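A.B. asks: The structure follows.
None of the figures in this text is laboratory data; all of them are computed from the coordinates on show. In this text, all values refer to a predicted model and were calculated from it rather than measured experimentally. Reconstructed Cβ throughout: ideal geometry from the backbone, glycine too, with neighbour counts over all protein chains shown.
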Amino acid sequence: MDNETYQQLHDLPKELDNPNVSIAAPFSQAVFPGRGKFVPKKKFIVIQNRKGHHRKNNLSYLLRSNNGTLIRIDINGKTHSHVPTPHVHIFDEAHHNGVDVIPLSKLRNYLNQSTDVSESLLAFLDYNNFETKNLLFSKNLV
């Protein structure tokens with residue numbers, strides 16, 4: 001994705017379609033559809049992945065739009081390009097469409113690097129400009 005499109009999509013105020021957010025159970029993933037807050041035709045999908053086969057605490061987040069993947073943040077998981085987790089893959093030209101790996105600590109305005117599944121989802125949503133004040137989080141145990 002070109003840098004300008006990435007930045008426009010990232011900066012766009014967004015909201016989830018459903019304010020009731022069920023956190024992914026261990027060894028599963030949850031998908032949260034969303035849209036542009038003021039541009040509803042811009043569709044987004046947030047994926048919370050906890051499908052670790054070898055790493056039981058695997059946790060990553062992915063944001064996709066109808067233009068393609070924007071960002072993936074691996075909170076716990078595999079080291080990529082000698083960069084341990086937590087780290088970030090940004091799918092724009094400046095970051096070679098996700099090939100470059102950045103430590104999460106280097107990402108400006110990412111305020112909470114918690115490994116808690118609820119707190120980390122909230123931080124991911126906040127960073128990607130989703131409205132979060134009316135969200136209700138619940139945990140799936142199965």
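A.B. asks: In Å, what Kirkwood hydrodynamic radius results for region 35-90 from the alpha-carbon pair distances?
C.D. replies: Working: mean 1/r = 0.0807 Å⁻¹.
Mean inverse Cα-Cα distance, inverted, gives 12.4 Å.
A.B. asks: Now, a different point. Report relative contact order for region 14-142 in percent, whole number only (criteria: Cα-Cα under 8 Å, sequence separation at least 6). Please report the intermediate quantities before stating the final value.
C.D. replies: Values: 271 pairs, mean separation 29.6, N = 129.
Contact order relative to length: 23 percent.
A.B. asks: So, one more: What list do you get for His96, His87 if you sort them by fewest beta carbons within 10 Å? Let's see the in-between values first.
C.D. replies: On the way: His96 12, His87 23.
Fewest to most other Cβ atoms nearby, the residues stand as His96, His87.
A.B. asks: Which entry is the computed volume of the Cα convex hull per residue in Å³ for this structure: (i) 91; (ii) 102; (iii) 113?
C.D. replies: Calculated volume of the Cα convex hull per residue in Å³: the matching label is (ii).
A.B. asks: Whole-Hz Karplus ³J(HN,Hα) for region 21-29, in order, using 6.51 cos²θ - 1.76 cosθ + 1.60 and θ = phi - 60°, x for Gly and Pro?
C.D. replies: 9, 9, 4, 4, 6, x, 6, 9, 9
A.B. asks: To continue, here is another question. Pairs Lys56/Lys78; Lys51/Lys133; Lys14/Lys133; Lys14/Lys139; Lys106/Lys133; Lys37/Lys139: which are spaced more than 19 Å apart, C-alpha to C-alpha?
C.D. replies: Numbers: Lys56/Lys78 12 Å; Lys51/Lys133 28 Å; Lys14/Lys133 12 Å; Lys14/Lys139 23 Å; Lys106/Lys133 26 Å; Lys37/Lys139 26 Å.
Distance filter (> 19 Å) returns Lys51/Lys133; Lys14/Lys139; Lys106/Lys133; Lys37/Lys139.
A.B. asks: While we're here: Given a cut-off of 12 Å, what percent of all Cα-Cα pairs of region 62-108 lie beyond it? Please report the intermediate quantities before stating the final value.
C.D. replies: On the way: 631 of 1081 pairs.
Distances greater than 12 Å cover 58 percent of the Cα pairs.
A.B. asks: Can you give the Kirkwood hydrodynamic radius for region 95-137, in Å, rounded to one decimal and based on Cα pairs? Display every interim value, and only then the final one.
C.D. replies: Working: mean 1/r = 0.0855 Å⁻¹.
For region 95-137, inverting the mean 1/r across all distinct Cα pairs yields 11.7 Å.
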